[in-house]
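Sharing a structure below in structure tokens format, with a few things to ask.
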Amino acid sequence: TGTQRYFRTGDKATIYGAEIELRKNLITTEDGDAKLSFGLNATYMDTEQDLYDNINGTYNLSFNRSKDELQGASPFLLNADINYSPVFNNYKPTATLVFSYFSDRIDALGSGQLGSVIEKSVSTLDFIWQNKINNKFEINLSAKNLLNPTIQYVRETTLGDVVVASANGKGISDYKRGMDIGIQLKYKF
């Protein structure tokens with residue numbers, strides 16, 4: 001549609017960050033295997049890319065700033081899960097609840113007086129239930145995107161953020177991906 005173009009916008013980018021991960025077995029079996037466990041992973045990133053004053057070529061553009069955050073990188077990411085894995089003779093189910101979050105991030109750098117397009121933060125929640133009946137048979141259930149968050153993009157302006165309508169001309173300013181529910185039957189020969 002010609003609304004986005006890709007350029008080499010600067011010479012370098014710098015990323016500083018920290019990541020922390022925690023895994024804890026809350027309940028274990030007599031053999032020491034995890035029956036109930038919890039996991040958490042959090043990442044913080046400080047990103048910066050330098051921007052050329054002007055770019056000349058087939059398309060000319062200029063930036064009204066000398067640096068910005070790195071496109072596509074969220075400053076904060078969070079993943080957490082809780083897993084329950086009991087054993088009943090030959091029946092070995094595993095139920096897992098997984099939460100993920102990313103903070104606002106630049107989707108497209110704006111040039112001139114046109115501000116950047118920001119993808120707003122999104123939280124997701126998935127549930128996976130694996131049922132190993134014996135050594136040959138499994139029934140699995142998955143329910144993904146249970147929160148079904150609204151996906152939204154805004155353009156930064158001097159008057160505040162403006163919701164971006166899609167470039168396809170249909171006027172879509174936000175959408176939901178919907179939930180994905182599936183069942184799987186497995187048999188090993």
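The values are calculated or read from the model by the stated rules, or taken from the named source; none is laboratory data. Because the structure is a prediction, the values reported are computed rather than measured. Neighbour counts run over all protein chains shown; Cβ positions are idealised from the backbone, glycine included. Accessible surface is based on the protein model in full, side chains and every heavy atom, while ligands, DNA and RNA are left aside. Shrake-Rupley method; radii C 1.70, N 1.55, O 1.52, S 1.80 Å.
Express in Å², to the nearest 10, the accessible area of Y52 obtained by rolling a 1.4 Å probe over the protein heavy atoms while all chains stay in place.
70 Å²
Further question: Using alpha-carbon pairs under 8 Å, 6+ residues apart, how would you state the relative contact order of the chain in percent?
Values: 444 pairs, mean separation 27.5, N = 189.
Normalised by residue count, the contact order of the chain is 15 percent.
Additional query: Please arrange F127, F189 by accessible surface area, largest first, computed with a 1.4 Å probe and ligands excluded.
Listed by decreasing accessible area, they come as F189, F127.
Kindly report, to the nearest 10 Å², the accessible surface of R23 as traced by a 1.4 Å probe over protein heavy atoms only.
150 Å²
Tell me, what ³J(HN,Hα) does each residue in segment 86-103 have, in order and in whole Hz, if you take phi through Karplus 6.51 cos²θ - 1.76 cosθ + 1.60 with θ = phi - 60° and put x for Gly and Pro?
x, 10, 10, 6, 8, 8, 10, x, 9, 10, 10, 10, 10, 10, 9, 8, 10, 7
What is the projected area of the convex hull of the Cα atoms of the chain, averaged over all directions, in nm²?
Details: hull surface 63.2 nm².
So the Cα hull casts an average projection of 15.8 nm².
Would you kindly find the accessible area of T157, with a 1.4 Å probe and non-protein molecules such as ligands, DNA and RNA excluded, rounding to the nearest 10 Å²?
About 60 Å², ignoring ligands and nucleic acids.
I want to check the label-to-label distance for L22 and L141. Put each point 7 Å from Cα in the C-beta direction and report it in nm to one decimal.
3.0 nm
For L61, L26, what's the largest-to-smallest order of accessible area, 1.4 Å probe? Let's see the in-between values first.
On the way: L61 25, L26 95 Å².
The ranking, largest first, comes out as L26, L61.
Further question on the same structure: Among the lysines, which have Cα under 21 Å from the Cα of K176 when same-chain residues fewer than 8 positions away are ignored?
K120, K144
So for segment 67-189, taking the charge dipole from beta-carbon charges (+1 Lys/Arg, -1 Asp/Glu), which of V87, Q152, S173 sits furthest toward the positive end?
Towards the positive end, the residue furthest out is V87.
If r is the Cβ-Cβ distance from K12 to N89 and R0 is 45 Å, what FRET efficiency results, to the nearest 0.05?
On the way: r = 60 Å, r/R0 = 1.33.
Efficiency at R0 = 45 Å is approximately 0.15.
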